Amino acid sequence: MIELHNVHKAFGSNHVLRGVSLTIPSATSLVIIGGSGTGKSVALKCILGLIRPDSGTITLDGQDVTKGDRDAFLARFGMLFQGGALFDSLPVWQNVAFRLLRGSLKRPLSEAREIAIEKLRRVGLKPDVADKFPAELSGGMQKRVGLARAIAAEPEIIFFDEPTTGLDPIMAGVINDLIREIVTEMGATAMTITHDMTSVRAIADNVAMLHDGVIKWTGPVSEMDHSGDPYLDQFIHGRAEGPIEAVR
Ligand SMILES: Nc1ncnc2c1ncn2[C@@H]1O[C@H](COP(=O)(O)OP(=O)(O)O)[C@@H](O)[C@H]1O
Ligand SMILES: [Mg+2]
């Protein structure tokens, strides 16, 4: 469904993506792993067309993502941002229904609110949360609100950027399980960025490891533990010793 072919992106002399090629089949869940600063978020932003690659192609259903109707293109995506990125000044329900209150996906106010409450329930939050403000919620609840917002417009494709960062292990487990359940029940195509190996095992059908600007290894999650790839092994086991420089 999504295909990256030989994608390059540099910022000045910082050559971040050095020929990334990757295929994400429809209705599968891909998790991208790799150290901080390796270009995972940049790759995601390239797919969304927020950053333009220097060379290479990215297609969605065979269509170049940089061409065509941007609004229609983005309407197909849901996104859970790193750090939540909720709007502080809006009550929870308006955060969840954000895209249903404007633009091409606009619905009547009462319907948007109903959908928001239904999505909040789906992520385990009670209707009384709807009228609270983000600052009144715990980190785990904010993450759930972000998740409810990502699925509010029932997108075909959902991106999760570091969904468990900053959560305790139990809350991280709850969020991982929710992501897996929701992606499966929606039949959505999912791409998750993480360096949390527990997330990888909970969420992934397929795994891709980004290192030195290229995909060093990719394959089904079941093959991750006996890949024989020294980079992947070092990352999975969090070893200081190995081919990946620990000083960055
Ligand atoms: N808009 C930008 N302008 C300049 N440099 C950027 C920009 N976005 C990302 N970078 C650089 O690209 C590299 C990869 O960043 P990023 O994709 O955010 O890493 P991560 O793998 O942790 O998500 C970093 O060195 C970062 O400083
Ligand atoms: Mg990132």
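The residues of segment 50-96 present an accessible area of 54 Å² per residue when probed at 1.4 Å with all protein chains retained. Its relative contact order, with pairs defined as Cα atoms under 8 Å and 6+ residues apart, puts segment 1-124 at 21 percent. Here the translational diffusion coefficient of segment 122-162 follows from Stokes-Einstein with Rh set to the Kirkwood radius across Cα pairs; for 20 °C and 1.002 mPa s it amounts to 192 µm²/s. With no solvent and one equal point scatterer placed on each C-alpha of segment 37-145, evaluate the Debye formula and give log10 I(q)/I(0) for q = 0.12, 0.20 Å⁻¹, two decimals. For the requested q values the scattering log ratios are -0.53, -1.06.
Coupling constants for segment 194-204 follow from the phi torsions by the Karplus curve (6.51 cos²θ - 1.76 cosθ + 1.60, θ = phi - 60°), and in residue order they are 7, 10, 9, 5, 5, 4, 4, 5, 7, 9, 7 Hz; glycine and proline get x.
Overall, the ratio between the Cα radius of gyration of segment 75-199 and 2.2 N^0.38 Å, rounded to two decimals, is 0.98. As a length-normalised measure over Cα pairs under 8 Å and 6 or more apart, the relative contact order of the chain settles at 25 percent.
For segment 123-181, relative contact order (Cα pairs under 8 Å, six or more residues apart, normalised by length) works out to 34 percent. Calculated [222 nm] ellipticity per residue, helices only, for the chain: -9000 deg cm²/dmol; basis is -39500 (n - 2.57) per DSSP H run with n ≥ 4, divided by all residues, nearest 500. Surface composition of the chain: carbon plus sulfur atoms hold 52% of the accessible area, using a 1.4 angstrom probe and ignoring ligands, DNA and RNA. Sequentially through segment 228-234, phi angles give Karplus couplings (6.51, -1.76, 1.60; θ = phi - 60°) of x, 8, x, 5, 5, 4, 4 Hz, Gly and Pro residues having no value and appearing as x.
Which ³J(HN,Hα) values, rounded to whole Hz and listed in residue order, are derived for segment 206-221 from phi using the Karplus coefficients 6.51, -1.76 and 1.60 in 6.51 cos²θ - 1.76 cosθ + 1.60 with θ = phi - 60°, glycine and proline given as x? In residue order, the calculated couplings are 10, 10, 10, 9, 9, 8, 6, x, 9, 7, 6, 8, 9, x, x, 4 Hz.
Proximity of backbone amide H atoms, modeled 1.01 Å from N, is registered between T192 and L30, V31, I32, F160 at under 5 Å, excluding neighbours fewer than 5 places apart on the same chain. When peptides 142-149, 190-197, 231-238 are sorted by average Cβ neighbour count within 10 Å, with the highest value leading, the order is 142-149, 190-197, 231-238. Our compactness index for the chain, the C-alpha radius of gyration over the empirical 2.2 N^0.38 Å, is 1.02.
Once Rh for segment 180-246 is found with the Kirkwood sum over Cα pairs, what is the Stokes-Einstein diffusion coefficient at 10 °C and 1.306 mPa s, in µm²/s? The estimated diffusion coefficient comes to 123 µm²/s.
Quick one: pull the percentage of alpha-carbon pairs in segment 1-99 with a separation above 18 Å. The share of Cα pairs beyond 18 Å in segment 1-99 comes to 54 percent. Of the cross-linked pairs K67/K132; K9/K119; K40/K67; K9/K132; K119/K216, those separated by over 30 Å at the C-alpha level are K67/K132; K9/K119; K9/K132; K119/K216.
The values are calculated or read from the model by the stated rules, or taken from the named source; none is laboratory data. All of these numbers come straight from a predicted model, not from anything done at the bench. Here the Cβ is made from the backbone with ideal geometry for all residues, glycine too, and neighbour counts use every protein chain on show. Heavy atoms of the whole protein, side chains included, go into the accessibility calculation; ligands, DNA and RNA do not. Shrake-Rupley method; radii C 1.70, N 1.55, O 1.52, S 1.80 Å.
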